[in-house]
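The values are calculated or read from the model by the stated rules, or taken from the named source; none is laboratory data. Keep in mind the model is a prediction, meaning the values are calculated, not measured. Ideal geometry is used to build each Cβ from the backbone, glycine not excepted, and the neighbour counts take in all protein chains shown. Keep in mind that these areas ignore ligands, DNA and RNA; they rest on the heavy atoms of the full protein, side chains included. Shrake-Rupley method; radii C 1.70, N 1.55, O 1.52, S 1.80 Å.
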Amino acid sequence: MSRTPRDHDLAALGERVSAARAAAEARGETFYPGASRVHLSAFPPKERWDDWVELSSRAWPARDEKHYMLVPTTCFNCESACGLLAYVDRDTRQVRKFEGNPEHPGSRGRNCAKGPATVNQVTDPDRVLYPMKRAGRRGEGRWARISWDEALDALAARIRAALTEGRQNEIMVHIGRPGEDGFTERVLASWGVDGHNSHTNVCSSGGRTGFQFWMGIDRPSPDHAHAKVIYLISAHLEAGHYFNPHAQRITEARQNGAKVIVLDTRLSNTASHADYWLSPQPGSEAAINLAIASNLIRTGRYDAEFVRRWWNWAEYLAECRPDLPGTFEAFQAVLAELYAGFTFEYAAAESGLDAAVIAEVAEVVAGAGTRFACHAWRSAAAGNLGGWQVSRTLFLISALLGAVATEGGTFPNAWNKFVPRPIHVPPHPGVWQDLSWPEEFPLAQNELSFLLPHLLKDGRGKLDTYFVRVYNPVWTNPDGLSWMEVLTDEQKVGCFVALTPTWNESAYFADYVLPMGHGSERHDTHSYEQYDGQWVGFRQPVLRAARERLGETVTDTREVNPGEVWEENEFWIELSWRIDPDGALGIRRYHESRACPGRKLTVDEYYGWMFEHSVPGLPERAAAEGRTPLEWMRRYGAFEISRGQGAVHRQEVPAAELTGAAVRGTGRVYTAAPAPDAPNIVPMGAPAPDDQGRRPVGVLIDAVVRRGFPTPSGRLEFWSSTLAAWGWPEHALPGYIKSHVHPSALDPGQVVLLSTFRLPTQIHTRSANSKWLDELSHTNPVWIHPSDAARFGVDRTGDLIRVETEIGYFVAKAWITEGIRPGVVACSHHMGRWKLSGHSQVGAGGMMATVALRAEQAGWAMRATEHVRPYSSADPDTARIWWSDTGVHQNLTFPVHPDPISGMHCWHQAVRVRPAEAGDAHGDIAVDTAKAREVYRRWMAQTRPAGHVSPDGTRRPRWLMRPLKPGAAAFALPGDRSAGR
Ligand code: SF4
């Protein structure tokens with residue numbers, strides 16, 4: 001075969017790469033072959049990160065050298081936490097750009113568009129630079145600049161008063177993008193409050209719940225790179241956890257011949273790269289999974305030995321089928337019966353797919369063996385009533401194939417993640433926050449964050465001081481105008497504090513807006529499951545690190561950040577000191593130096609201690625270069641602790657741990673002595689203690705005690721004793737729950753609205769303050785199939801339509817496309833940013849329309865009074881804005897839909913679509929918050945409260961995860977409610 005010019009080019013490139021490698025190695029330097037591992041887009045060798053030279057493109061052909069110091073940090077624009085390298089200009093001491101960090105083991109030098117766009121956020125002319133206090137009524141839009149001291153003293157006084165008066169439950173910190181492991185929980189534990197709230201129940205709780213009930217660990221860690229078959233109910237080539245690190249490994253697997261199966265009703269970028277794209281009726285995904293599982297069972301192509309050893313089948317038989325002998329053969333017969341009804345034809349009828357296509361996909365899955373990697377994230381698990389069964393049925397396939405913790409299989413995430421122990425570990429709080437963990441949801445995976453306005457309106461409590469941190473609840477959550485109603489009610493929320501880098505729809509209603517740093521302006525540590533290994537990443541203020549490299553001393557991150565922008569960690573330490581200035585409340589000791597008792601803890605000591613004492617292998621690695629562990633992390637940004645964790649569940653428990661241990665039930669092995677009440681930060685995946693405080697250490701498998709899984713049985717729980725005991729026995733097995741948008745639940749004329757999908761080039765709030773990302777993506781038309789468009793009377797792409805929900809409507813533009821299933825419409829949730837007219841703050845000039853919000857007899861009406869247009873600012877590019885359409889804020893028109901088991905908000909909506917009426921304008925919103933209350937009550941009526949179902953008088957099974965776990969006593973239901981059991 002003759003060689004093409006491209007072959008010659010590649011050969012020449014290869015030779016040049018080899019020569020460059022040899023030259024670098026001769027100089028004693030690291031050689032990075034570039035992200036693609038083929039061509040010459042090589043990374044700067046780390047030996048030259050102190051003085052990296054590039055030529056100015058603007059000066060060409062003159063040779064104008066730019067000298068940079070390259071400082072690592074971590075991207076904060078999604079949860080993947082990819083490594084970034086800041087190019088700090090040695091002359092101006094400013095960040096010129098961000099590129100990938102080749103030393104990061106998860107992202108390996110690669111980023112998506114949102115990583116380099118961090119530079120836009122840093123230089124954003126509209127960002128918040130100084131602490132602000134409202135000057136008028138809440139939401140009036142008048143502000144006064146104040147000092148940090150004024151803000152800190154006022155907040156400290158409020159919190160101190162609440163704590164000393166026994167009002168611990170009136171303090172809450174609500175987290176949007178966490179981006180770190182454990183710091184905020186630690187601060188709240190030190191205050192003795194159960195005040196952690198998260199965004200997770202509008203995000204990933206549904207997906208997590210299904211994995212949790214199987215493994216005792218709530219996330220999968222697929223080993224995509226080595227898989228033979230990759231099965232995604234997510235969009236992992238473009239978005240989602242942890243998409244860039246996963247996408248690059250999925251791509252490697254595809255290059256090695258792996259097949260990719262994608263279930264996505266919409267033709268996402270991920271679906272467009274799949275070998276099999278299945279576009280099911282929304283909510284039918286679990287039925288498809290079960291048909292594939294049923295095929296494995298029916299044809300005997302499952303790993304029976306893995307099932308025999310690792311499933312809790314014996315417990316299932318004993319509890320649910322005492323009529324049968326307790327043999328594995330009896331279980332195999334029952335298993336076949338249980339899933340016999342999930343035929344390809346049944347799945348086809350539910351999903352609208354062709355039965356032959358499902359059968360073909362099932363054959364591909366059956367051929368994967370233990371190299372079956374799967375992921376379910378948001379998507380169907382976040383869209384539907386019972387969506388958590390999507391991930392539970394997906395993992396059923398992995399568990400049948402024995403593709404659990406195998407090469408190319410799927411691991412429990414806790415084995416591929418490492419959370420170092422911090423310098424001080426405060427005890428569990430002794431209180432229970434009903435506003436986050438209401439009694440109706442004893443099995444909720446995370447806080448019922450999106451119900452907060454309704455719980456406050458119910459009169460279940462009030463908040464004295466409410467922080468939101470990188471969180472924009474009015475815009476992000478469903479039913480945002482109910483949020484606005486409570487956030488402007490000082491009887492319900494006494495003081496509302498927004499810790500944020502940018503103005504946003506919620507910050508406008510705050511009492512204090514306190515400027516926090518972007519990804520290159522703050523410290524955090526984090527570790528995420530991205531392959532079969534463990535690593536710790538370090539986010540840091542890059543200008544601080546650069547100046548320290550130059551020999552300067554920086555003691556406060558505000559010294560290097562723009563304006564008076566701070567970082568959260570230093571803020572929380574300072575606030576904690578001011579809450580407890582003399583240590584009388586017992587708080588201050590958790591924020592004091594160990595090296596110099598009585599002095600305030602610094603972030604250098606906090607992280608220095610952590611890296612020195614709790615990250616295995618790092619001190620030795622750093623010492624080999626003559627650095628302290630902190631210096632090493634400041635220089636390279638990430639450390640790989642281990643690779644190839646393998647099958648932790650199979651590890652034998654050392655005899656020393658088994659002295660006096662007891663075997664209970666079907667093989668769970670417990671320590672002999674009660675363990676002390678564990679600290680609130682325990683290793684990921686650590687099993688919870690039993691009622692006597694004894695910790696499970698393993699499980700007896702064929703006469704050997706092995707580590708097992710952190711479930712009550714120690715095995716993979718095909719049958720969940722927890723679901724059975726806590727009021728949901730009918731859903732204790734992997735099964736199919738018909739969605740609230742199942743065709744049988746729709747009224748005539750209704751269709752399903754998919755509202756959950758992300759765009760690859762936007763995140764949530766903060767990306768609106770990135771001009772590059774705004775130029776790429778700034779609107780969210782509604783995807784409509786041509787057949788539906790004809791039915792609705794929508795003639796052309798761009799026509800205005802009304803989309804009517806249960807509580808109102810929004811007016812959007814139509815996009816007529818065959819990339820969506822007939823009977824389903826879809827709209828991305830990223831758009832429709834707004835600021836209220838009359839407010840002086842710009843917000844995000846390239847993405848926010850100015851709106852008028854009017855109270856009407858039937859609720860609220862919003863209309864844009866001014867769309868985006870060019871404007872003058874410190875950045876000349878704001879005068880070049882060429883777009884005006886920034887989409888519509890659809891989430892305002894969605895009521896809350898809490899899943900009664902997982903607590904996940906079920907995002908999909910049953911809607912009617914029709915042409916807009918005369919007088920409608922793009923972006924119009926109408927919402928009746930009284931109807932929102934009715935829908936809330938209807939969904940709450942589906943719950944089974946702990947007071948009715950708890951088998952032991954507690955509010956929640958203690959073994960289930962909880963980001964901040966109160967002490968054992970706080971789990972007890974109050975007497976009046978437990979008596980009603
Ligand atoms: S995937 Fe993109 S946005 Fe997410 S951390 Fe990586 S670079 Fe940042």
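The table below gives the values:
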quantity	calculated
Other-chain or far-sequence residues with amide H under 5 Å of THR886's (modelled H)	VAL868
Linear extension gain, GLU150 paired with GLU490, 0.36 nm per residue minus alpha-carbon span	120.4 nm
Inter-site label distance for GLU345 and VAL53 at 7 Å from Cα along Cβ, in nm	7.6 nm
Radius 9 Å from Cβ of ALA789, net charge of other residues (Lys, Arg +1; Asp, Glu -1)	-1
Label point at GLU165 placed 7 Å out along Cα→Cβ; residues across segment 445-472 whose backbone nitrogen lies under 18 Å	460-467
For VAL404, distant residues with modelled amide H under 5 Å away	THR410
Antiparallel content of DSSP bridges confined to the chain, in %, to 5	65 percent
Computed FRET value (nearest 0.05) for ALA19 with ASP275, which takes r as the C-beta separation and R₀ as 41 Å	0.60
Accessible surface of GLU170 - all protein chains present, 1.4 Å probe, nearest 10 Å²	30 Å²
R0 of 56 Å, Cβ-Cβ distance ALA968-TRP60: FRET efficiency to nearest 0.05	0.25
Whether segment 558-609 is rounded, prolate or oblate, judged on the alpha carbon gyration tensor where a/c under 1.5 counts as rounded	oblate
Tail fraction, Cα-Cα pairs, segment 256-312, threshold 18 Å, whole percent	53 percent
Under 20 Å from the Cα of LYS457 - lysines, other chains or at least 8 residues apart	LYS492, LYS931
Anchor LYS228: lysines whose Cα lies under 20 Å away (excluding residues fewer than 8 positions away in-chain)	LYS259
Charge context of ASN111, other residues only, Cβ under 12 angstrom, K/R +1, D/E -1	+3
Accessible area, probe 1.4 Å, largest first, for residues LYS457, LYS46	LYS457, LYS46
Given charges at Cβ of Lys, Arg, Asp, Glu: segment 586-659 dipole, positive-most of HIS613, HIS649, TYR590	TYR590
Candidate aspartates and glutamates for bridging to LYS46, where Cα separation is under 17 Å - those fewer than 8 sequence places away on the same chain excluded	GLU25, GLU29, GLU54, ASP89, GLU99, GLU103, GLU625, GLU631, GLU640
Long pairs among LYS600/LYS965; LYS97/LYS417; LYS133/LYS835, criterion Cα-Cα beyond 24 Å	LYS600/LYS965; LYS97/LYS417
FRET efficiency estimate (nearest 0.05) - Cβ-Cβ, ALA356 to GLU917, R0 35 angstrom	0.20
Farthest positive-ward along segment 117-179 dipole, Cα basis, beta-carbon charges - from GLY136, LEU155, VAL122	GLY136
Dipole magnitude (debye, nearest 20) for segment 524-619, charges at Cβ of Lys, Arg, Asp, Glu	220 debye
Calculated over segment 778-933: convex hull of Cα atoms, volume per residue (Å³)	145 Å³
Translational diffusion of segment 139-268, µm² s⁻¹ [Kirkwood Rh, Cα pairs; Stokes-Einstein; 25 °C; 0.890 mPa s]	130 µm²/s
Mean Cβ neighbour count within 10 Å, used as a protection proxy, ranking 104-111, 855-862 highest first	104-111, 855-862
Per-residue SASA entry for CYS374, accessible area with 1.4 Å probe, Å² rounded to 10	0 Å²
Cα-projected label distance for CYS596 with ARG664, points at 7 Å along beta-carbon direction, nm	4.9 nm
Distance in nm between pseudo-label sites at GLU620 and ASP458 (7 Å out along the Cβ direction from Cα)	5.3 nm
Tensor-based shape of segment 56-130 (alpha-carbon gyration tensor, a/c under 1.5 rounded, otherwise prolate or oblate)	oblate
Given charges at Cβ of Lys, Arg, Asp, Glu: the chain dipole, positive-most of GLY216, MET848, VAL361	GLY216
Computed magnitude of the charge dipole of segment 698-804 (debye, nearest 20; Cβ of K, R +1, Cβ of D, E -1)	400 debye
The chain - charge dipole about Cα centre, Lys and Arg +1 at Cβ, Asp and Glu -1, debye rounded to 20	360 debye
Gain upon complete extension [ARG650, GLU319; 0.36 nm per residue less C-alpha separation]	116.6 nm
Rg(Cα)/(2.2 N^0.38 Å) for segment 9-151, N = residue count	1.42
Along principal axes, Cα extents of the chain, largest first, whole Å	83, 81, 73
The chain, helix-only ellipticity at 222 nm - DSSP H runs n ≥ 4, -39,500 (n - 2.57), divided by all residues, nearest 500	-7500 deg cm²/dmol
Gain in span if fully extended, ARG421 to ALA879, counting 0.36 nm per residue against the direct Cα distance	160.0 nm
